[in-house]
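Okay, structure first, notes after.
The values are calculated or read from the model by the stated rules, or taken from the named source; none is laboratory data. Remember, it's a predicted structure, so these values are computed and weren't measured experimentally. As a convention, Cβ positions derive from the backbone with ideal geometry for all residues, glycine included, and neighbour counts pool all protein chains shown. All accessible areas refer to the heavy atoms of the entire protein, side chains included, with ligands and DNA or RNA removed. Shrake-Rupley method; radii C 1.70, N 1.55, O 1.52, S 1.80 Å.
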Amino acid sequence: MLERSPGRTTKNPIVVEHAARIAKSFVEEIKSLTDEDVKRLLDNIFDDPTLRKDFQGMAIRHAAMCGEVAKEVLAILESNPDQIELMALGDVDLPDFAREVVKELIQEAHRHHHELNQEYGSGYDLTAQGAPKARESVMRYFDPHYGFSAVPGLSEKLTKNSTITAGAMRGLKDIAESTVYAAENSDPPQRPRFIQPDNSFGTWHEIVKRESHKGKTAEVHTLATNPEHLLHLTPEQVRTFYREHLTQENHQDTWCITPVGNPSGTHMKPEQLGETCRTIIEYNPKAKIILDCTYVRTLKPEKAQELMRGVITDPEIMNRVVFVESFSKTHGFCRERIGMYFSANEEIFKEIQNTNTTNGAGNGQSKEAFVFAIASATSEQEAIIRELHEFWGRERKGLYHYLIRSGNFENLFEEEQNHIEQEQLGGPQGLYLFVKLKPGVTAREVLLQTKCLGVETQMGSGKYVRFAVGKIKKPTYAKYAPQETEAL
């Protein structure tokens with residue numbers, strides 16, 4: 001038997017442990033892996049009972065872990081681990097040109113942490129919101145993409161009603177839980193109802209599903225989106241929902257909208273976002289609207305302001321909106337877990353903040369320090385962060401041409417991907433490319449033929465696979481896109 005060198009694809013001991021266990025059955029019988037062997041290996045990993053149990057209900061993380069384990073097993077078996085490009089989880093591995101800037105920001109965060117500790121001490125933050133000057137600085141940092149300063153007094157109001165959180169996911173959980181609590185403890189009690197398009201953050205779907213399964217009375221409605229509308233919610237869908245669900249019950253509605261989509265990787269048209277929010281308020285003036293804006297700041301500032309203008313400048317909409325923000329993806333700080341939520345409506349904000357304080361007593365001075373460091377970045381540092389977003393944009397566009405326009409994978413993907421606009425595809429816009437599969441095709445078949453590990457996603461308009469380009473560290477797919485001077 002050949003001596004096998006240890007895998008060198010990861011430092012994660014959990015991945016190494018699973019890989020060693022699964023590889024053991026292959027080492028005895030395989031000297032060089034054929035394509036059929038690789039397929040059998042992937043089947044064993046993706047169907048492994050232990051991995052399935054460990055990641056039950058977490059399809060994206062299950063796929064990501066399987067990919068990491070597969071690369072490690074391939075290395076153990078002395079085969080090329082680059083047969084798999086990990087694009088399942090929306091994680092970020094920074095390219096070399098951005099590493100130094102992020103290192104500098106981390107060093108600045110440590111310095112700010114010391115300063116905040118000197119100023120406020122280590123005792124409880126009784127408001128559990130984070131240091132006021134950290135929140136003021138980040139609201140100024142957001143302004144070029146949102147345009148809050150165009151409305152007198154709005155920035156000050158949002159700063160007051162803001163909280164720095166341990167990631168956007170924690171903020172979403174607090175919002176969902178507080179909504180159920182407030183509805184059921186109102187006089188008379190209300191029935192909480194969560195409504196969202198199928199093209200919205202998968203974890204939000206899991207959060208509201210769990211809220212509805214706690215013996216509560218919450219309803220959950222997920223609306224199928226249409227490729228013609230870029231897989232985003234429309235005013236007509238809102239009207240249809242309320243025509244079909246006008247009951248005598250006293251509902252508290254919470255709509256969750258992701259203006260820049262995960263999983264779709266597309267963004268709403270400005271009029272689409274504004275009119276959809278306006279239609280919600282027309283039918284239910286007391287509805288709450290969550291805008292999950294995790295990827296809004298990956299757009300160019302002028303594009304982002306254009307997208308958000310119809311919301312920011314409408315007082316009635318702003319009175320019902322909760323913004324959720326994150327730095328995990330925009331700056332490659334996924335493991336640091338840094339996010340925010342904020343609202344112009346003090347009553348809505350305080351309901352959420354009460355839950356945050358009760359559940360966690362705040363989110364830690366280190367989070368405030370990171371926010372402070374990011375918001376205080378130099379113009380040179382910020383230029384590198386913008387280039388990081390442009391880099392992802394080029395890789396997304398190249399990946400689209402590699403998969404759809406190269407002619408090599410016509411058996412896997414539908415020729416028409418009419419939810420994708422070429423103008424959107426060419427610019428910075430988050431991490432994701434979402435492509436429609438032909439009937440009967442699976443993400444595992446896509447992986448075997450393309451080397452790209454994505455996540456299979458069923459939506460109302462069919463079955464898709466979502467790819468995330470955040471772990472790409474050097475130019476890989478951009479070369480497949482036509483030059484700017486060529487026609488798309």
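Computed quantities for the displayed model
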read-out	value
For segment 178-239 and segment 260-284, distance of Cα centres in Å	15
Unit charges at the beta carbon, dipole of the chain: most positive-side option, N363, A63, P144	N363
Charge dipole (the chain, unit charges on Cβ, about Cα centre) - positive-most of V16, T276, L453	V16
10 Å binning of all Cα-Cα separations within segment 294-404, expressed as whole percents from 0 upward	11, 32, 34, 18, 4
Computed FRET value (nearest 0.05) for T127 with S186, which takes r as the C-beta separation and R₀ as 22 Å	0.35
Size of charge dipole - the chain - debye, nearest 20, with Cβ of Lys, Arg +1 and Asp, Glu -1, no other charges	540
Spacing of the two label points (7 Å from each Cα toward its C-beta) at N408 and K39, in nm	1.9
MRE, 222 nm, helices only [DSSP H, n ≥ 4, -39500 (n - 2.57), over the chain, to nearest 500]	-14500 deg cm²/dmol
Mean separation of Cα contacts under 8 Å (6+ apart) over length of segment 205-324, as relative contact order %	25
Computed over segment 391-462: relative contact order in percent, which uses C-alpha pairs under 8 Å that are six or more apart	35
Heavy-atom accessible area per residue - the chain, 1.4 Å, Å²	45
Distance cut-off 20 Å, percentage of C-alpha pairs in segment 111-182 lying past it	44
Global geometry of segment 151-285, whether rounded, prolate or oblate, following the gyration tensor of its Cα atoms and the 1.5 cut on a/c	rounded
Relative contact order computed over segment 343-484 (Cα-Cα under 8 Å; 6+ residues apart), in percent	26
Dimensions in Å of segment 64-160 - Rg and Dmax from alpha carbons	21.3, 63
Packing rank of 113-123, 379-389, where each peptide gets the mean count of other beta carbons within 10 Å, highest leading	379-389, 113-123
Carbon plus sulfur fraction of accessible area for the chain, probe 1.4 Å, in percent	49
Segment 41-102: C-alpha pair distances exceeding 17 Å, %	49
Principal axes of the chain: Cα extent on each, largest first, Å	72, 57, 55
Long-range Cα-Cα pairs in segment 301-355 (distance over 17 Å), rounded percent	53
Cβ charges +1 (Lys, Arg) and -1 (Asp, Glu), total dipole of segment 144-187, debye	260
